[in-house]
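Q: Got a structure here, written out as structure tokens. Questions coming.
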Amino acid sequence: MKKLIGAALGGALLIALTGCAGGGGGGGGEAGADGDLIVGFSQVGAESGWRTANTKSIQGAFEDAGIELKFSDAQGKQENQIKAIRSYIQQQVDVIAFSPVVESGWDTVLKEAKDAGIPVVLTDRSVDSEDDSLYASFLGSDFILEGEKAGEWVNTEFADADKVNIVELQGTTGAAPANDRAEGFRNVVTDAKFEVIASQTGDFTRAGGKQVMEAFLQANPEIDLVYAHNDDMGLGAIEAIEAAGMVPGQDIKIVTVDAVKDGMTALADGKINFIVECSPLLGPQLVEIAEKVAAGEDVEKRIVTEETTFTQEQAIEALPDRQY
Ligand code: AHR
């Protein structure tokens with residue numbers, strides 16, 4: 001054991017003393033012993049089917065590209081992400097990428113990365129920093145647009161209704177997709193006949209969606225529509241609605257965001273009525289961006305993921321080829 005610790009310490013010292021240059025125009029980032037790229041990625045956690053597919057896409061893409069990826073799971077905690085980013089700075093990786101759990105509170109650690117000359121790529125979610133020089137690029141969906149697409153479907157679906165009671169299952173409090181999907185929905189669902197009678201976070205999890213929906217059902221006898229910020233919470237709501245003796249998709253309509261396989265299956269079965277897609281397959285684009293920023297090449301500050309929407313018929317057609 002002592003020998004092992006000794007070897008590890010010796011190795012660490014050697015790396016500290018000889019750490020060879022790399023990371024191109026990114027600045028002070030150090031590459032591996034052979035000059036290859038090293039990327040540090042801090043993931044939100046494993047809260048949803050979307051997140052699992054996103055992790056798989058990122059890990060797979062870096063493996064395919066032969067780039068070393070240091071991966072850490074923050075288990076939904078911002079402090080864990082800050083620790084991970086600081087550790088990547090200390091290890092002098094070439095590029096840091098992360099998907100911020102929440103939008104605010106990143107300036108200090110992003111400045112530390114900038115001072116160390118390590119470019120940062122925001123992946124999937126943004127930060128609310130006013131200084132956009134703190135990151136090289138932001139790759140991910142337009143969450144406001146996703147909320148608007150959900151709202152447009154609601155306007156059409158309930159065009160002939162006089163009064164519509166909506167309950168909203170929000171994503172993680174303070175997370176960009178929760179803030180933006182709420183905002184986008186309200187941008188377009190403006191008619192006075194619509195009322196959001198209850199809105200609470202289900203933390204993007206199936207269990208959270210179920211628990212919050214149970215409480216909503218107990219407190220509100222007249223619910224016409226569930227707007228869930230992701231499929232998992234919508235799937236939890238389905239369980240609660242069925243347990244209450246009602247038929248999801250008929251007695252209470254459901255619109256969600258993501259389009260993961262379980263969500264698409266529920267849509268094909270008529271338990272969800274409409275899904276706005278949010279693609280988790282960001283890995284290959286992230287590899288490209290990481291390679292470019294490490295080489296000092298210009299990259300777009302904002303790269304928006306292309307996405308669609310699904311009706312029941314479209315879900316039935318798309319399901320056999322759905323990767324995740
Ligand atoms: O940031 C993307 C969101 O995070 C997905 O819509 C949700 O499922 C996930 O947890």
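Q: Just checking, how many residues over region 218-231 are assigned to a helix (DSSP H, G or I) and either open to solvent by less than 10 Å² (accessible area, probe 1.4 Å) or in the same structural domain as Ala46 (by TED's automatic domain parsing) (or both)?
A: 1
Q: Let me ask something else. I need every pair where a residue in region 231-253 that is within 26 Å of Ala178 (Cα to Cα) has its Cβ under 6 Å from the Cβ of a residue that is exposed (fewer than 15 other Cβ atoms within 10 Å of the Cβ), sequence separation at least 6 or different chains.
A: Gly249/Gly270
Q: Determine the pairs where a residue that is at positive phi and more than 13 Å from the ligand (Cβ to nearest atom), located within region 160-186, has a partner that is in a loop (DSSP other than H, G, I, E, B) and open to solvent by 30 Å² or more (accessible area, probe 1.4 Å) with Cβ atoms under 8 Å apart, the partner being 6 or more residues away or on another chain.
A: Nothing qualifies.
Q: Taking the criterion of being surrounded by 24 or more Cβ atoms within 10 Å (Cβ to Cβ) and of a type in the set (A, V, I, L, M), would at least one residue in region 197-217 satisfy it?
A: yes
Q: For Gln218, which of the numbered conditions (1) in contact (Cβ under 8 Å) with a residue 24 or more places away in the chain; (2) more than 24 Å from the chain's Cα centre (by Cα) fails to hold?
A: Gln218 satisfies all of (1) in contact (Cβ under 8 Å) with a residue 24 or more places away in the chain; (2) more than 24 Å from the chain's Cα centre (by Cα) except (1).
Q: Just to be sure, is Gln250 at pLDDT 95 or above, open to solvent by 10 Å² or more (accessible area, probe 1.4 Å) and within 18 Å of the chain's Cα centre (by Cα)?
A: Numbers: at pLDDT 95 or above: yes; open to solvent by 10 Å² or more (accessible area, probe 1.4 Å): yes; within 18 Å of the chain's Cα centre (by Cα): no.
So Gln250 does not fit the description; no.
Q: Right, here's the next one. Got a number for residues in region 53-63 being in contact (Cβ under 8 Å) with a residue 24 or more places away in the chain and either among the acidic types (Asp, Glu) or open to solvent by 30 Å² or more (accessible area, probe 1.4 Å) (or both)?
A: If we filter region 53-63 for residues that are in contact (Cβ under 8 Å) with a residue 24 or more places away in the chain, which is where we start, we get 53-54, 56-62.
Keeping just the survivors that are either among the acidic types (Asp, Glu) or open to solvent by 30 Å² or more (accessible area, probe 1.4 Å) (or both) gives 56, 59.
Residues in region 53-63 being in contact (Cβ under 8 Å) with a residue 24 or more places away in the chain and either among the acidic types (Asp, Glu) or open to solvent by 30 Å² or more (accessible area, probe 1.4 Å) (or both): 2 in total.
Q: With the structure loaded, tell me whether Glu317 is assigned to a loop (DSSP other than H, G, I, E, B) and at pLDDT 95 or above or whether it fails that test. Lay out the reasoning, then the answer.
A: Working: assigned to a loop (DSSP other than H, G, I, E, B): no; at pLDDT 95 or above: yes.
Answer is no for this residue.
Q: Quick check on Val189: is it of a type in the set (A, V, I, L, M), more than 30 Å from Ser126 (Cβ to Cβ), modelled with pLDDT of 95 or more and away from the ligand (no atom under 16 Å from the Cβ)? Step through it out loud before you land on a result.
A: Details: of a type in the set (A, V, I, L, M): yes; more than 30 Å from Ser126 (Cβ to Cβ): no; modelled with pLDDT of 95 or more: yes; away from the ligand (no atom under 16 Å from the Cβ): yes.
Criteria not met by Val189.
Q: Another one. Give the residues of region 108-134 that are hydroxyl-bearing (Ser, Thr, Tyr) and open to solvent by 60 Å² or more (accessible area, probe 1.4 Å), sorted by residue number. Walk me through how you get there before you give the answer.
A: Quick first cut of region 108-134, residues hydroxyl-bearing (Ser, Thr, Tyr) only: 108, 123, 126, 129, 133.
Thr108, the sole residue that qualifies.
Q: Please count how many residues of region 83-107 are closer than 22 Å to Pro280 by Cβ, surrounded by fewer than 22 Cβ atoms within 10 Å (Cβ to Cβ) and touching an Asp or Glu at 6+ places or on another chain (Cβ under 6 Å).
A: Adding up the residues that qualify gives 1.
The values are calculated or read from the model by the stated rules, or taken from the named source; none is laboratory data. The structure presented is a predicted model; accordingly, all values stated were derived computationally and were not measured. Positions of Cβ are backbone-derived with ideal geometry, glycine not excepted, and every protein chain shown enters the neighbour counts. Quick note on the areas: whole protein, heavy atoms, side chains included, nothing else; ligands and nucleic acids left out. Shrake-Rupley method; radii C 1.70, N 1.55, O 1.52, S 1.80 Å.
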